[in-house]
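Please read the structure below before turning to the comments.
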Amino acid sequence: MPRVLIVDDEPNIVLALELLMKRDGYETLSVDDGQKAFDAVREFRPDLMILDIMMPKMDGYEVCQRIRADDQLRDVSIIMLTAKGREVEKEKGMALGADLYITKPFSTREVMLKVREILDRRPER
Amino acid sequence: MFQHWIILLVSFGYLGILFAIAYFGDKRADGGRSIISNPYIYTFSIAVYCTGWTFYGSVGRAASTGVGFLPIYLGPTLAATIWWMVLRKIIRLSKINHITSIADFISSRYGKSSTIGGLVTVISVVGIMPYISLQLKAISSSFNVLFYYNSGAAGDLNLGQDTSLYVALILALFSILFGTRHIDVTERHEGMVAAIAFESIVKLLAFSAVGIFVTFMVFDGPSELFTQATLLPETVKLMDMGSMPGGYASWFALTFISITAIMFLPRQFQILVVENVNEEHVRTASWLFPLYLLAINLFVLPIAIGGVMFFQAGSVDADMFVLTLPLESGRPALALFVFIGGLSAATGMVIVETIALSTMICNNLLMPVLLRFKLLRRDDMGRMLLGIRRISIVVILLLGYLYFRFIGESYALVTIGLISFAAAAQFAPAILLGIYWKRASRTGALAGLAGGFAVWAYTLFLPSFALSGWLPMSFVDPGPFGISLLGPYHLFNLSGFDPITHAVFWSMLTNVGLLISVSLFSRQEALERLQAAMFVDVYKERASGAEVGNLWHGKTQISDLKGLLAHLIGPERTEMAFRTYALQHSLELQDNTLANESLVTFAERELARTIGAASARVMISSIVEGEALSIEGVMKILDETSQAIEYSRRLEQKSRELETATRELKRTNERLKEFDRLKDEFVSTVSHELRTPLTSIRAFSEILQDDAAMDKEQRHQLLNIIVKETERLTRLVNEMLDFTKIESGAYHWAHEKFDLIGAVDEAMAATSQLSQNKNISVVREVPGGPVNVTGDRDRIVQVVINLLSNAIKYCNSDTGRVSLQLSPEDDQARLVVVDNGPGIVSEERERIFEKFHQLRDASMGKPQGTGLGLAICKMIIENHGGRIWVESEPGQGSRFIFTLPLAP
Amino acid sequence: MTGPEEPTAPDTGKIPDPEPREERLAALMLGGLALLNFPLLSIFSVSGFVFGIPVFYFYLFSVWSLIAGLTAFVLRSRPQDSPTVKDRKGPGDT
C-alpha cells in the first residue's frame, strides 16, 4: 500500500487531504511543520509527500531541497501544494526537485488523479 | 674751519644716537611692544629713498638743469597713488611666503627658482654698486668741505679717497651692528627701521633749515630770490624746461624709472615690504610720503639758484651748496647740522641697502651654491649664515668704494644714482607682470631679467668705465670695433636721447619683450604654475581658506625637521614654532613620528623666513624623501585661470544639481519600488489568506459532493468547517475594506463622548469565545469611575478586540494569561494589554504597526491575518489624538499600550 | 613667533568696495602722469611768476600737492573698512 505523507500547518486542509487519500486506499501520516516533515520522511519512508510551502520552522522549499540532497531519501515523489500562485514560485519549486506543483485552491479530483499517476510511474519496491 | 675732532665727535656721537635708537627698538620688539608699528614711522622709514643724492645731488642737478631733479620725486608720488593696490598685494604675498628680499620675491613667484634669485642678486649688487659709491662720495665730499673749506687744501684728492675708504669701513661696521647683530637671522630689523625713520626726520629738518636760511636770510624771501634770478642768464634758464637735458623724453624716462625705483630698489623693497608691520600703514604712507618728498624738495631750486648767484662763476661744486652757503655766510653751526643731515641721508641708505643686499647674497646666491655642493654643515649653520652676511656687507661697501675710486670722480652724484635706478627698473616687469599675469614664466622672467640687465650693462655700466678711462673712449664713440651701430649711447644709431633715456628705452624694451614673448612660448612647470596662480590670486586663495603650497608628498620624521630648523633658527625658536603649530592644529607631535604635508610646509615657511624661499625648498627637500608634488598640487594648478575656476565652479554646481536630481529620482524610485514590493507582498499575502480558506471550502464541498454515503456526524463536521472558513473569508474582506477606507481618508468618524470601560467590556465579550477555546483567562482591571473619551466608539472597540485577540492568539493554550488594565493618567486614558506569549524582537517592535507587515519569525508560525490589524489600530488611535506602541522582550511576553486624551 | 596660519581677517580685496576706490586711484595715477608730462607740461614751461614763484615751479608743486591730497581723500579711513592683516609680531615674541 503506497504511503503518503501530508505536510501542512492548516488543520482543515490536512483533514481534507487525509479524507481524500484514505478514500483511495493510501496509508497517510500528517505533520504540521517542515522539521517534523523531514524527520517523518526518515521514519515513515513515504512514496509520496504532499508538501505545503509556507510553514513554521522550515519551509517547503528547504524540506524539498534537503530531501533531494539526501541519498537515502531522494527517491520520494514530492507534490508541492501552495497558496503562493506566482509563476516564479512554481518554477522555484520545480527547480528544487518537486515532481508537481499544485496551487491552492485545488480540484480534489485533479489532485487524486495526479497522485495516482505519480505513484503508478514509480518503480515497485 | 673745524677742528677735525669736533666733526668726528659729532659724527660718531650721532651714529651712537642712531645705534641707541636701534638698540631700543630691538629691545622693544623683543618685548613684543613694537615702536615701529605706526604708519608715520613707516612713512618716515620709506624716506630712506632720499639719500645723499637727494641731499647734495638734487641741488647740484638743479643748478645745471633747473627742474631736472624733480622727476625722481614726482615718479614716487605717482607710484604712491597705486600703492594701495600694488604694494599691498606684494606685502600680502610676502607675508604669506615669508619673503626676505626682492630676489626672494621674484624667485618665489617663478617657481622658487634659485637661478632667478641668483640673477636678481647679481643685478642688484652690480646695479647698486654705483649708488653705494655715490653715498661714499657724498659723505667724504661733505667731510672734505667741512675739513678743508677755505683752508686751501680742498682739492687734496688722495686725502678725499682715503676719507671715503674710512667712511666705507665705518659704515660697514655700523651696518653689521645694525643688521646682523642677532644670531637668529630673521628678515626683520625693527631697531634699524626706527633708526632710519629718525634719520629721515633729521635730514628733512636739516635740509629745510638750510633752505629757509638761504631763501629768507641770504635772500629776502622767494619772490626776491626768483626776481634776482631772472637777471642772470645762468639762473633764468633754470626756471622752466629749457635746461632739461633730453627734454620731455628724458623727463618721462626719469619719471618712469623712479616709479619703479621707489618700490624695487632692494632697500626700498626691504623697507616697504619686508619691514612692513601692518598693511594698513600703506594707507597713510600713500599720501604722506609724497608730501615728505615735496617738503624736502621745496627748497632745492631756491638753494641752487641762490648758490649759483652767490658763488657766481661756478668756482664751487654745486653739489655742496648746502654746506658752502652756510659756511660762506659764517654759519658753521648750521653747516654742521646740514652735514649731520647729509650723513643721515647717506648712512640710512647704506645701512638698509647693505642689509638687503647681504641677505640676498647669502640667501639667493651663496646658499644655493653651498647647498648644491653640500658645503653646509648642519651644526653651525646659524653662525655661518651670519658670517656670510657680515662678510657680504664689507664686500658690498668695498665694491662701492672701488667703483667710487675708479669711476665716481668723473660723474656728478645724480648721474651715478640714475645708473642704479635704471638697474632697479629691470625688476619691475618680472614683479608687476608676475603678480597680475599667470602666464609669466620662469624662463620668460629669466630671459627678461638677463636681457634687460645685459642691455643696461652695455648702455650704461660699461660706458662709465670708458668715460673714466678704464676702457678706450672709442668704445663709446663711435662704438666697439669702430662700429657705430653698436655704440652704447646710440644703439642702432638711435639718437635724440640722453644716455639714461636711451638705456632705459632699450633695456626695458628688451626686458618686457623677452619676458612676454618667452613666456608665451614656454611651458611652466607644476610648481611654477602653482606659485604663479597663488601670486596672482592671493586674495582669492586666502579668502577661500585654501592652504597653498602643500606640496610635500614625501616622508620625513618630525625629529629631522626639528633638527634642521634648530640649526638655522635656534632650538628655542624651533621648539616654540612646533609647539605653536601643535596648539593651532590641536595635535600631539611625537618626535619619532612622520610629519604630515602641512607640517613640512610649515617648516619650509619657517625656514624661508630666514634663508629665503628657494633655499628653504632645497634644504627641506634634502631631508624629505619622495616626490615634491602631490596630486592636490597638480589639481590646483589645473584650476589656474580664473575662467577655469569659474567654469569648474559652474560645472560643479551643475553636477551637484544633477546629483541632487538623481538622488531625488532614485529615492522616489526606491519608494515606488518599496511601495510596489509591499503591494506585491500584500497581494501575495492577501491571495494566500484568501486561498487558504477557499481551499478548505472547495475541498470539503467536493468531498461532500462526491461522497453521498458519508455519515451524518462527519458530514456535519465538514459543513461546520466550511461555515468557519467562510466567516474567515468575510472577516478578511471586511478588514481590507476598512483599511483602504481609513487610509484614503474616506471614512467618516463618529464624534461622541463615551466611557472606555463600556468599550472594554464589549471587546472582552466579543473575544470571550476565543479565549475559552484556548482555555486562556483574561483578567480585567478597570477603575471604579467612568473613563470618558471622545471619538468613534465602534472603532475603539475594534482596536481593543484586535489587541485582545492578538494576545490570545499568540499565547499558548492553557498556560496563556492575558490581562487588560485601564487607568486614567493625567489628562489621558491608558489601556494596556499584557500577554505571556513569545514576545517580539526589538527590530520588529516598530514595524509591526506598519501596514502589510507580518511577523515572519519562523518560531512564530505563519502569518496570522492580513498584516492589517495593527496598522488599522494605529490609524484609529492616532486619528483620536492618541498613541499606540508595544513593550516586549523575546520570551517575556508583550505589553501593547495605547493612550487616548480624556474627554474634558 | 608668527604662526603658520596667516590671520584670516576678511579680505578687503574680496569685499566689494562701497566706493570704486581702486579705480579712483588708478585714474589718479593716469591723470597725474598726463599732468606731469609732455604735452600738458609744456603749456606751463613759460617764464613768469605766480605769487612771486616761477609758473613752472608753482605748477609742479601744485599738482604734486593735489595728487597727495586726492590720494589721502580716496584712501581716507571709513568706519565700514574691514580690518586687514593685523600687526605682525617680531621675532622672539611669545
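Name the residues in the range B:94-109 that are away from every other protein chain (no Cβ under 11 Å) and either of a type outside the set (Val, Ile, Thr) or within 17 Å of B:ARG372 (Cβ to Cβ) (or both), would you?
If the condition is that a residue be away from every other protein chain (no Cβ under 11 Å) and either of a type outside the set (Val, Ile, Thr) or within 17 Å of B:ARG372 (Cβ to Cβ) (or both), then B:SER101, B:ALA103, B:ASP104, B:PHE105, B:SER107, B:SER108, B:ARG109 are the ones that fit.
B:THR260: more than 8 Å from chain C (Cβ to nearest Cβ) and in a helix (DSSP H, G or I), yes or no?
Yes; evaluated as a whole, the condition is true for this residue.
One line per residue, one yes/no per condition, for (1) open to solvent by less than 40 Å² (accessible area, probe 1.4 Å); (2) out of contact with any strand residue (DSSP E or B) (no Cβ under 9 Å at 6 or more places or on another chain):
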{"site": "B:GLN769", "(1), (2)": "no, yes"}
{"site": "B:ASN773", "(1), (2)": "no, yes"}
{"site": "B:PRO786", "(1), (2)": "no, no"}
{"site": "B:GLY791", "(1), (2)": "yes, no"}
{"site": "B:ILE796", "(1), (2)": "yes, no"}
{"site": "B:LEU803", "(1), (2)": "yes, no"}
{"site": "B:LEU820", "(1), (2)": "yes, no"}
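Taking the options B:GLY60, B:GLY25, name whichever one is crowded, with 22+ Cβ neighbours inside 10 Å and closer than 23 Å to B:THR324 by Cα.
Answer to the check: B:GLY60.
Against the definition (within 11 Å of chain C (Cβ to nearest Cβ), under 19 Å from the mean Cα position of the chain (by Cα) and either modelled with pLDDT of 90 or more or farther than 30 Å from B:PHE299 by Cα (or both)), how does B:LYS112 come out, yes or no?
no
Those residues that are touching a residue at least 12 places away in the same chain (Cβ under 8 Å), assigned to a helix (DSSP H, G or I) and within 14 Å of chain B (Cβ to nearest Cβ), I need them from the range A:77-104; list them, please.
Passing the criteria: A:GLU89, A:LYS90, A:LYS92.
Going through the range B:228-243 one residue at a time, which ones are in a helix (DSSP H, G or I) and either touching a residue at least 12 places away in the same chain (Cβ under 8 Å) or more than 9 Å from chain C (Cβ to nearest Cβ) (or both)?
Within the range B:228-243, B:GLN228, B:ALA229, B:PRO233, B:GLU234, B:THR235, B:LYS237, B:LEU238, B:MET239, B:MET241, B:GLY242, B:SER243 qualify.
Determine if the range B:685-695 includes at least one residue that is modelled with pLDDT of 85 or more, open to solvent by 40 Å² or more (accessible area, probe 1.4 Å) and out of contact with any strand residue (DSSP E or B) (no Cβ under 9 Å at 6 or more places or on another chain).
Scanning the range B:685-695, I find at least one residue that is modelled with pLDDT of 85 or more, open to solvent by 40 Å² or more (accessible area, probe 1.4 Å) and out of contact with any strand residue (DSSP E or B) (no Cβ under 9 Å at 6 or more places or on another chain), so the answer is yes.
It is to be established whether one or more residues within the range B:160-172 are surrounded by 15 or more Cβ atoms within 10 Å (Cβ to Cβ) and at pLDDT 85 or above.
Checked against the condition, which is being surrounded by 15 or more Cβ atoms within 10 Å (Cβ to Cβ) and at pLDDT 85 or above, the range B:160-172 yields at least one hit.
Consider B:VAL214 carefully, then state whether it is of a type outside the set (Ser, Thr, Tyr), within 19 Å of B:ASN297 (Cβ to Cβ), open to solvent by less than 30 Å² (accessible area, probe 1.4 Å) and at pLDDT below 90.
yes
Residues that are at positive phi and modelled with pLDDT of 75 or more: find the helices (runs of 4 or more DSSP H) completely inside the range B:564-671 holding 3 or more of those.
It comes to none.
Among the residues of the range B:84-96, is there at least one that is among the aromatic types (Phe, Trp, Tyr), in contact with a helix residue (DSSP H, G or I) (Cβ under 7 Å, 6 or more places away or on another chain) and buried (at least 24 other Cβ atoms within 10 Å of the Cβ)?
There is no residue in the range B:84-96 that is among the aromatic types (Phe, Trp, Tyr), in contact with a helix residue (DSSP H, G or I) (Cβ under 7 Å, 6 or more places away or on another chain) and buried (at least 24 other Cβ atoms within 10 Å of the Cβ).
Within the range B:281-359, considering only helices (runs of 4 or more DSSP H) that don't extend past its boundaries, which have at least 2 residues that are open to solvent by 30 Å² or more (accessible area, probe 1.4 Å), farther than 30 Å from B:MET384 by Cβ and in contact (Cβ under 8 Å) with a residue 24 or more places away in the chain?
In the range B:281-359, the matching helices (runs of 4 or more DSSP H) lie at B:281-297.
May I ask you to verify whether B:MET710 is closer than 20 Å to B:LEU804 by Cα and at pLDDT below 85?
For B:MET710, the condition - closer than 20 Å to B:LEU804 by Cα and at pLDDT below 85 - is not met.
Cβ-Cβ under 8 Å, sequence separation 6+ or interchain: first residue in the range B:209-227 and within 14 Å of chain C (Cβ to nearest Cβ), partner among the polar types (S, T, N, Q). Which pairs?
B:PHE219/B:GLN228; B:GLY221/B:THR215; B:PRO222/B:THR215; B:LEU225/B:THR215
Between B:THR740, B:THR726, which is under 25 Å from B:ILE872 (Cβ atoms), open to solvent by 40 Å² or more (accessible area, probe 1.4 Å), modelled with pLDDT of 85 or more and more than 8 Å from every other protein chain (Cβ to nearest Cβ)?
Answer to the check: B:THR726.
Does C:SER42 satisfy the criteria of being among the polar types (S, T, N, Q), more than 8 Å from chain B (Cβ to nearest Cβ) and either in contact with a helix residue (DSSP H, G or I) (Cβ under 6 Å, 6 or more places away or on another chain) or without any contact (Cβ under 8 Å) to a residue 24 or more places away in the chain (or both)?
no
May I ask you to verify whether A:SER107 is within 25 Å of B:MET710 (Cβ to Cβ) and more than 10 Å from chain B (Cβ to nearest Cβ)?
no
The values are calculated or read from the model by the stated rules, or taken from the named source; none is laboratory data. Owing to the predicted nature of the structure, the values given are computational and were not obtained by experimental measurement. FYI the Cβ positions are ideal-geometry reconstructions off the backbone, even for glycines, and counts take in every protein chain you see. When the accessible area is computed, the model is the full protein with side chains, heavy atoms only, and any ligands, DNA or RNA have been set aside. Shrake-Rupley method; radii C 1.70, N 1.55, O 1.52, S 1.80 Å.
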